[in-house]
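Below: one structure, written as structure tokens.
The values are calculated or read from the model by the stated rules, or taken from the named source; none is laboratory data. Note that the coordinates shown come from a computational prediction; the quantities given were computed from them, not determined experimentally. Here Cβ is always computed from backbone atoms with ideal geometry, including for glycine, and neighbour counts include all displayed protein chains. The protein model used for the area step is the full one, side chains on, heavy atoms only, and it has no ligands, DNA or RNA in it. Shrake-Rupley method; radii C 1.70, N 1.55, O 1.52, S 1.80 Å.
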Amino acid sequence: MNFLESVKMASKTLVANKMRSSLTMLGIIIGNASVIATIGMGEGAQNFVGQQVESLGTNLLFIVPGSPKAQTRPVSPPQTLVLADAEAIASQVPSVKEVAPQITGMQRITYGNANQSTTVAGVTPEFLTVRSFDVAQGRFITDLDLRRNEQVVALGADVAETLFGNTDPIGQQIRIRNVSFSVIGVMQPKGATFGQNQDDVVLIPLTTMANRITGNSSPYGTRINFISVSVQNEESMNAAQFQIENLLRLRHQIIDEDDFTVRNQKDLQATMGAITGALTMLLAAIASISLFVGGIGIMNIMLVSVTERTKEIGLRKAIGASQQDILMQFVIEAVILSVAGGLVGIVVGVSGILLIGTLTPFDAGISTVAIALATGVSGATGLFFGVIPAKKAAQLDPIVALRGA
């Protein structure tokens with residue numbers, strides 16, 4: 001028998017037992033679909049993390065008070081950054097584009113009978129471009145507002161919706177900690193980043209925040225919670241970080257441990273990408289176990305098939321079929337089951353990815369590498385687990401087989 005005749009005969013045998021063949025392929029189908037969907041979800045998660053980091057702004061460095069060790073302790077880090085530090089960075093670090101210092105705190109804001117607890121941030125005009133915010137209505141905070149300690153506020157989209165509904169908020173008065181503020185602007189919706197809603201925020205001049213709301217002052221100047229720094233370009237990120245660290249060490253007269261931490265946006269993205277990538281590989285490895293289970297199922301069914309077809313094997317060998325012919329037929333049957341199951345699994349897996357992309361914020365990707373890998377593995381699984389039953393069938397003695405039948 002040539003190869004094509006073996007394929008035809010194997011196909012007829014499998015079609016004749018449709019239910020058994022379908023159930024045998026089920027493990028391979030589930031395995032392939034799981035691996036493809038898992039890797040697609042992993043790619044979607046990595047893309048989502050990248051989008052979340054980029055939504056903070058481009059080419060950013062974040063400077064927070066406290067040493068890197070202090071950041072891991074379950075207590076608030078010391079307030080070691082002051083407004084003068086941000087001004088020094090803006091004027092003395094050449095690779096820096098813009099600097100946006102910030103004071104933040106949770107406060108209750110009220111308008112008429114409506115009130116809510118939200119994040120109030122004291123910012124400067126640079127906040128708008130450094131953090132990639134846009135104004136939907138009105139205007140943003142200006143340098144003049146800072147110099148005059150103006151009691152003006154720009155509302156996040158969610159805050160404006162909660163307090164004013166369909167009413168135009170521009171020019172209205174709200175109260176923050178019993179201090180009256182005039183609404184000058186409403187921000188464009190920006191969404192959530194790493195679980196923090198960037199639309200649930202109230203933005204006021206930093207000087208007003210320090211002098212009228214929190215009183216963030218010290219002998220060294222106005223204390224701030226953190227500084228966002230926009231760098232000229234991506235290639236300058238490491239140089240800017242090095243220069244900022246050296247400048248702050250000189251200003252704070254640091255000899256031993258830093259009292260601040262500089263976080264690189266690209267490092268954050270790389271770390272989050274590595275975490276999601278590792279989780280993806282772990283889940284894919286777990287999902288691939290079902291391919292192994294499916295292979296065992298193929299081997300079991302093929303062993304049963306050998307037992308059921310003992311007479312057929314004996315007759316074929318009696319009329320001249322070689323061990324190679326018998327071996328080839330049973331191996332081909334196992335490979336057909338695996339490949340067919342793999343192809344169905346690809347369709348199911350890709351459909352699952354498209355469904356996930358529709359129902360979740362993950363832009364799940366269809367990985368051609370994952371599809372090729374899953375198909376190759378499923379075919380190899382059938383070949384590997386089909387060899388044992390095929391060898392058993394090929395080694396049957398025709399006389400014994402005919403008597404046993």
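If residue 161 satisfies every condition in (1) open to solvent by 40 Å² or more (accessible area, probe 1.4 Å); (2) in contact (Cβ under 8 Å) with a residue 24 or more places away in the chain but one, which is the exception?
(2)
Look through 354, 402 and report the one residue that is in a helix (DSSP H, G or I), over 23 Å from residue 20 (Cα atoms) and modelled with pLDDT of 70 or more.
None of the others qualify; the one that does is 354.
Give the residues of the stretch 83-123 that are under 24 Å from residue 249 (Cβ atoms) and of a type in the set (Val, Ile, Thr), sorted by residue number.
Selection gives 89, 93, 96, 99, 103.
Could you please let me know if residue 173 is open to solvent by 10 Å² or more (accessible area, probe 1.4 Å), polar (S, T, N, Q) and either modelled with pLDDT under 90 or on the phi > 0 side of the Ramachandran plot (or both)?
When the stated conditions are applied, residue 173 does not pass them.
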